[in-house]
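Computed from the coordinates by the stated procedures, all read-outs in this text should not be read as laboratory data. Not measured: the values here are computed from a predicted model. When we count neighbours, we look across all protein chains shown, and the Cβ atoms used for this are built from the backbone with ideal geometry, even at glycine.
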Amino acid sequence: MRKIINSTYVSLDGVIGNPQNWTSAYFQDEAAAYAQELLFSCDALLMGRRTFDGFAQAWPAMEEATGEFGVRMNTYPHYVVSDSLQKPGWGDTTAIRRADAVTEITKLKERDGRNILQYGFGPVSRTLVEHGLLDELRLWIHPVLVGDDDPEGMLVLRDFSASFELADTRTFKTGVIIATYRPAAK
């Protein structure tokens, strides 16, 4: 069975929103190699509507600057949980209705293939955790305090809790720590 791996940038104060504003100074060769290794170990992307909208706008223009990474981002099958997405317009994209998300993502995990990658932690991630569908959570902990107080830009919102077990850590020269967690046994 394929695994769903979530990869999320987070600041020391729990901010995940607008990572383009606070992560670039920390994205050096080690981080680029790790990100490429992760992306190339998977063969599909799963995302929510906000992540999809941002990626669909940015990635088509980034192939020249990012090479194989950009090509892979643009040509992978994309699965988007959205009730309102009518014409995806970005490569091989399949919209999954929110009401069908658990059933359809379970089927997706059961298909043959490599792992499934998810970027960012929002409503889709919470659904995955709540239904036992998320296999790994890789937090890229950045040594920065962002100070954002927008609840939508925080790692966790009210009324959501989950327990995880540490599976691995990797530390980069920039001070970024990638902590890999798996859901704790119940």
Taking a crude spin-label model, label points 7 Å out from Cα along the C-beta direction, the Thr171 to Asp100 distance in nm is 4.7
Per the C-alpha gyration tensor (a ≥ b ≥ c, the square roots of its eigenvalues), segment 59-147 is rounded if a/c is under 1.5, else prolate if a/b beats b/c, else oblate; here it's oblate
Taking only the alpha carbons of segment 13-118, the radius of gyration and the largest Cα-Cα distance, Dmax, both in angstrom, are 14.6, 41
Given Cβ charges of +1 for Lys and Arg and -1 for Asp and Glu, the option among His78, His142, Ala31 whose Cα lies farthest towards the positive end of the dipole of the chain is His78
If the label point sits 7 Å along Cα→Cβ of Val144, residues of segment 96-125 with amide N under 20 Å come out as 119-122
log10 I(q)/I(0) for segment 40-82, Debye formula on C-alpha points only (no solvent), q = 0.19, 0.21, 0.28, 0.29 Å⁻¹, two decimals, reads -0.55, -0.66, -1.03, -1.07
Taking alpha-carbon centroids only, segment 83-125 lies from segment 1-68 a number of Å equal to 16
With +1 on the Cβ of every Lys and Arg and -1 on the Cβ of every Asp and Glu, the dipole magnitude of the chain about its Cα centre, in debye rounded to the nearest 20, is 460
Restricting to lysines and to Cα separations under 24 Å from Lys3, and discarding same-chain partners fewer than 8 apart, the set is Lys107, Lys109, Lys186
Taking only the alpha carbons of the chain, the radius of gyration and the largest Cα-Cα distance, Dmax, both in angstrom, are 15.9, 46
Everything considered on the Cα gyration tensor (a ≥ b ≥ c; rounded for a/c under 1.5, else prolate if a/b is larger than b/c, else oblate), segment 132-186 must be described as oblate
Dividing the mean separation of Cα pairs under 8 Å (6+ apart) by the residue count of segment 33-186 yields a relative contact order in percent of 21
